[in-house]
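Q: Pasting in a structure now, in structure tokens, and then I'll have a few things to ask.
Where a number appears in this text, it was derived from the coordinates with a stated rule and is not lab data. Since the structure is predicted, the reported quantities are computational estimates derived from the model, not experimental observations. Every residue, glycine among them, receives a Cβ derived from its backbone with ideal geometry; neighbour counts consider all protein chains shown.
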Amino acid sequence: MSKIEECLNGKKLYGDDFSFEEIKKWYEEEKEGYAELGSKEYDKYNYHYHELNKELGFKYILKTKTAVFDNVL
């Protein structure tokens, strides 16, 4: 079974065994990766996660303009 197949089958976590240099390379490659998904053709881009964000995250954030967090993921 290939390394990627192990990850896709849930036997391994992709990147869990990266060296420091591999992590740095991955961060550099992904730095703007998600942001660029819709920026190339903005008029055709559709963000599908608004409701999921509301249900799993935003409803737990205080409704204040001055919310401060010690840790954010």
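Q: Reachable aspartates and glutamates from Lys3, Cα under 14 Å, same-chain residues fewer than 8 places away excluded?
A: Of all the aspartates and glutamates, those that pass the test against Lys3 - Cα under 14 Å, at least 8 places apart if same chain - are Asp16, Asp17.
Q: Next question. Please work out how much length the chain gains when fully extended from Phe58 to Ser2, using 0.36 nm per residue of separation minus the C-alpha to C-alpha distance, in nm with one decimal.
A: Gain in length upon complete extension: 16.3 nm.
Q: I need the GluC sites (Glu not before Pro) found in the stretch 16-55, filtered to DSSP loop residues with at most 10 other beta carbons within 10 Å of theirs.
A: Glu32, Glu41
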